[in-house]
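Notes follow once the structure below has been shown.
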Amino acid sequence: MKPRVAVFSAAALAVAVFAALLPGDTGGWFFRKPSGKDFEALREAMVNEQIVARGVRHEGVLRAMRMTPRHLFVPQERVSSAYEDRPLPIGSGQTISQPYIVAYMTELLRPDGSGTVLEVGTGSGYQAAVLSHLYRKVYTIEIIPELAESARARLRDLGFGNVEVRTGDGYAGWPDKAPFDAIMVTAAAGHIPPPLIAQLKAKGRLVIPVGSPATIQHIILVEKDQAGNITTKSLLPVRFVPLTGGR
């Protein structure tokens, strides 16, 4: 897949940055069902103007982005910004990604509606919810207990029954559930964790941002062939919060 690097001018790159938590921004969570068609219209505009316009074409991914209520995965005071073209703080120094980055990274996995996927970095659970429309089973790991607990409850209450949340260090993957058809890491690592490569199936794909927190990282696509050989491709420049845990 040819990367669409042109969308990341100096100004646009700032939009793709995973912003740090604002001081004092812990916020309550928004669970109330939306009224009318307001959120549906915002979600449709988000998909058309931020995602399709930038080249994402996978019909399943676009459908998943249209179906997943992003406003239910952000703190209450951020609901009005839920469908904007930027990341948002969710507490504990973490963020929910820019919608385009969610769609772009998901498309790189080439989901086909079957198989299993591992996500490292659950956050609020939004990426796992998107993946739940595209895989038979989603396993997701979050190292921050408070986020893992709230994401587990949120996904359960919203009916995402094929998502299993675990509290733990995602660097080590989830050996008991391996191997995986696909793996997505939503925090930047200094290198590609060897346990994740080992837990990837033959013909599987792994997507991970790699680089120092102090510099611009790059999304790396890792592919494993039938014989277990690994190839990597460096794609979009991004800025993610760092992967914590094992190194």
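Please tell me if ALA214 is outside any strand (DSSP E or B), modelled with pLDDT under 95 and farther than 23 Å from TYR104 by Cβ. Here the answer is yes, as ALA214 does meet what is asked.
Scanning the stretch 174-212 for residues that are more than 15 Å from TYR139 (Cβ to Cβ) and of a type in the set (D, E, K, R) gives LYS203, ARG205.
Consider the stretch 129-157 and keep the residues that are aliphatic (A, V, I, L, M), part of a helix (DSSP H, G or I) and over 14 Å from the mean Cα position of the chain (by Cα). The one that is surrounded by the fewest Cβ atoms within 10 Å (Cβ to Cβ) is ALA153. Within the stretch 124-133, identify whether any single residue is in contact (Cβ under 8 Å) with a residue 40 or more places away in the chain, closer than 24 Å to THR232 by Cβ and touching a Leu at 6+ places or on another chain (Cβ under 6 Å), and answer yes or no. Scanning the stretch 124-133 turns up no residue that is in contact (Cβ under 8 Å) with a residue 40 or more places away in the chain, closer than 24 Å to THR232 by Cβ and touching a Leu at 6+ places or on another chain (Cβ under 6 Å).
Mind checking whether some residue in the stretch 168-188 is among the β-branched types (Val, Ile, Thr), farther than 16 Å from GLN127 by Cα and not in a helix (DSSP H, G or I)? So far as the stretch 168-188 goes, no, none of its residues is among the β-branched types (Val, Ile, Thr), farther than 16 Å from GLN127 by Cα and not in a helix (DSSP H, G or I). Listed by first and then second residue, the pairs with beta-carbon distance under 7 Å, at least 6 apart or on different chains, first residue in the stretch 40-58 and farther than 20 Å from VAL79 by Cα, second surrounded by 19 or more Cβ atoms within 10 Å (Cβ to Cβ) and modelled with pLDDT of 95 or more, are ARG54/TYR100; VAL56/ALA103; VAL56/TYR104; VAL56/GLU107; HIS58/GLU107. Kindly evaluate SER124 against the criterion of being of a type outside the set (Lys, Arg), at pLDDT below 95 and over 25 Å from ILE197 (Cβ atoms). So SER124 does not fit the description; no. Listed conditions (1) surrounded by 15 or more Cβ atoms within 10 Å (Cβ to Cβ); (2) under 16 Å from SER150 (Cβ atoms); (3) small (Gly, Ala, Ser); (4) modelled with pLDDT of 90 or more are all met by GLY27, apart from (4).
Restricting the search to the stretch 202-247, which residues are under 21 Å from GLY115 (Cα atoms) and either surrounded by fewer than 16 Cβ atoms within 10 Å (Cβ to Cβ) or touching a Lys or Arg at 6+ places or on another chain (Cβ under 6 Å) (or both)? The answer is ALA202, LYS203, GLY204, LEU221, GLU223, ASP225, GLN226, ALA227, GLY228, ASN229, ILE230.
The values are calculated or read from the model by the stated rules, or taken from the named source; none is laboratory data. Computed from a prediction, not measured in an experiment: that's the story for all the values here. Every residue, glycine among them, receives a Cβ derived from its backbone with ideal geometry; neighbour counts consider all protein chains shown.
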